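Report on the structure given below.
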Amino acid sequence: MSPTQTLIAALTLAFSTLAAQAQTPTAASTPRADQREANQQARIAQGAASGALTPRETRRLERQQAAINRAEAQAKSDGTVTKQERHRLHHMQDNASRDIYRQKHDRQRAASAPSR
């Protein structure tokens, strides 16, 4: 499977997970975290598509997003997201956002991307 196909599969899985969570009214609600997650996934996809992210950088950022998803699921598991859990999720997302920015702007390019 090519890196592009892997990325598309990962994004499809992430967005379907978000859609399933949005349809579950009894789950603890974290709409702000969910929106940030969707925005970060889109930034990663755009970086991979444009060549600003190498396949290795893309995999690392996707793993980081998966860790945030696991932390969010764990926070929601008891039906309530506490202030501390919410703070931890926001902190993880802040770090991920900074990592996405740094990786997209580090002048490393994917091999198949045209140089600018």
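The values are calculated or read from the model by the stated rules, or taken from the named source; none is laboratory data. From a predicted model like this one, the values you see are computed outputs, not experimental measurements. In this analysis, Cβ positions are derived from the backbone assuming ideal geometry, glycine residues included, and neighbour counts consider all displayed protein chains. The protein model used for the area step is the full one, side chains on, heavy atoms only, and it has no ligands, DNA or RNA in it. Shrake-Rupley method; radii C 1.70, N 1.55, O 1.52, S 1.80 Å.
Quick one: which of R36, R88, R43 is within 16 Å of the chain's Cα centre (by Cα) and open to solvent by 90 Å² or more (accessible area, probe 1.4 Å)?
Of R36, R88, R43, the one residue that is within 16 Å of the chain's Cα centre (by Cα) and open to solvent by 90 Å² or more (accessible area, probe 1.4 Å) is R88.
Quick one: R59 ticks every box in (1) outside any helix (DSSP H, G or I); (2) at pLDDT 95 or above bar one, so which box is it?
In the conditions (1) outside any helix (DSSP H, G or I); (2) at pLDDT 95 or above, R59 misses (1) alone.
Do we find that A75 is farther than 26 Å from I8 by Cβ, out of contact with any Cys (no Cβ under 8 Å at 6 or more places or on another chain) and part of a helix (DSSP H, G or I) in this structure?
yes
Please go through segment 93-116 and pick out each residue that is closer than 19 Å to A42 by Cα and surrounded by fewer than 18 Cβ atoms within 10 Å (Cβ to Cβ).
Those that are closer than 19 Å to A42 by Cα and surrounded by fewer than 18 Cβ atoms within 10 Å (Cβ to Cβ): D94, N95, S97, R98, D99, Y101, R102, H105, D106, R109, A113.
Between residues in segment 38-55 that are closer than 16 Å to D94 by Cα and residues that are not in a helix (DSSP H, G or I), which pairs lie under 9 Å by C-beta distance while being six or more apart or on different chains?
Sorted first by the residue in segment 38-55, then by its partner, the pairs are I44/L53.
If V81 meets every condition in (1) touching a helix residue (DSSP H, G or I) at 6+ places or on another chain (Cβ under 6 Å); (2) in a helix (DSSP H, G or I) apart from one, which number is that one?
(2)
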